[in-house]
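Beneath this line is the structure, given in structure tokens, with notes to follow.
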Amino acid sequence: MLFDMDGTLVDSEKLWDVALYELAVEYGGTLSEAARLAMVGTSMDVSMEILHADLAQPWRDPRASAAWIDDRIVELFRTGLRWRPGASDLLRAVRDAGLPTALVTSSGRRLVEIALDTLGRDSFDVVVCGDEVEATKPHPEPYLTAARLLGVPIDRCVAIEDSPAGVASALAAGAAVLAVPVEVPVEVVDGVHLRESLDGVDLAVLAALLRSVPPAR
């Protein structure tokens, strides 16, 4: 099992909203809704490029902006992190069944370590962070890395995602994909199964998704 974090397991996109809108104000501007939605599921570098372009301030240092966001979101994660509906029950069922499980996120290790206080440090066999891979979502590397570290063929993995970038990453890697969109709609394509929430998703549902994936040749 391969789980995304932000917007999938935890209701953190609203916290990212707070930090990003605050940084835009710090820079004397206002972040547009279109720009914010374009950031969902992307790496920090891409998000800062979008923010700077939206504010017509492309000259700003993306590293300085990322550091500001990182410090602010750490504060917010420590006080306001909440589970998405059905996420805790599904993760517990997966672990109780002894299934190899990975967290695959575009967030950096510093932030993930704080999130694990909520998610549980024993909830995952492998954690793949956005700052620990060469290419982040929508590139397939994060999911391919997780499957390799778990020692499970990627076509025998189910990836659970909420964003178009994450879905594209998991689909390109070759996993079965369960998409639970929150902020941004996900396109219906072959290999992607949509649900409104993780409520009611159980091991039988996950097994059915795997049966729908043609075996690798």
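The values are calculated or read from the model by the stated rules, or taken from the named source; none is laboratory data. Please read all numbers here as calculations on a predicted model, not as lab measurements. All Cβ positions, even for glycine, are placed from backbone atoms using ideal geometry, and neighbour counts span all protein chains on display. With ligands, DNA and RNA removed, areas are computed over all heavy atoms of the protein, side chains included. Shrake-Rupley method; radii C 1.70, N 1.55, O 1.52, S 1.80 Å.
Give 152, 205, 182, 112 a once-over and let me know the one that is in a loop (DSSP other than H, G, I, E, B) and out of contact with any Gly (no Cβ under 7 Å at 6 or more places or on another chain). Exactly one of 152, 205, 182, 112 is in a loop (DSSP other than H, G, I, E, B) and out of contact with any Gly (no Cβ under 7 Å at 6 or more places or on another chain), namely 152.
The residue that is farthest from the chain's Cα centre (by Cα), counting only those in the stretch 127-167 that are open to solvent by 20 Å² or more (accessible area, probe 1.4 Å) and closer than 19 Å to residue 13 by Cα, is 131. The residues on offer are 142, 215, 164, and the sole one that is modelled with pLDDT under 95 and closer than 20 Å to residue 84 by Cβ is 164.
Would the stretch 80-93 turn up any residue that is farther than 27 Å from residue 185 by Cβ and modelled with pLDDT of 95 or more? Yes, that holds for at least one residue. Checked against (1) open to solvent by less than 20 Å² (accessible area, probe 1.4 Å); (2) touching a Pro at 6+ places or on another chain (Cβ under 8 Å), residue 201 passes all but a single condition, namely (2). Considering every residue within the stretch 118-136, establish whether at least one is hydrophobic (A, V, I, L, M, F, W, C) and assigned to a helix (DSSP H, G or I). Checking the stretch 118-136: at least one residue is hydrophobic (A, V, I, L, M, F, W, C) and assigned to a helix (DSSP H, G or I). Looking across the stretch 57-79 at every residue that is open to solvent by 70 Å² or more (accessible area, probe 1.4 Å) and either closer than 15 Å to residue 114 by Cα or out of contact with any Leu (no Cβ under 6 Å at 6 or more places or on another chain) (or both), the one that is modelled with the lowest pLDDT is identified as 79.
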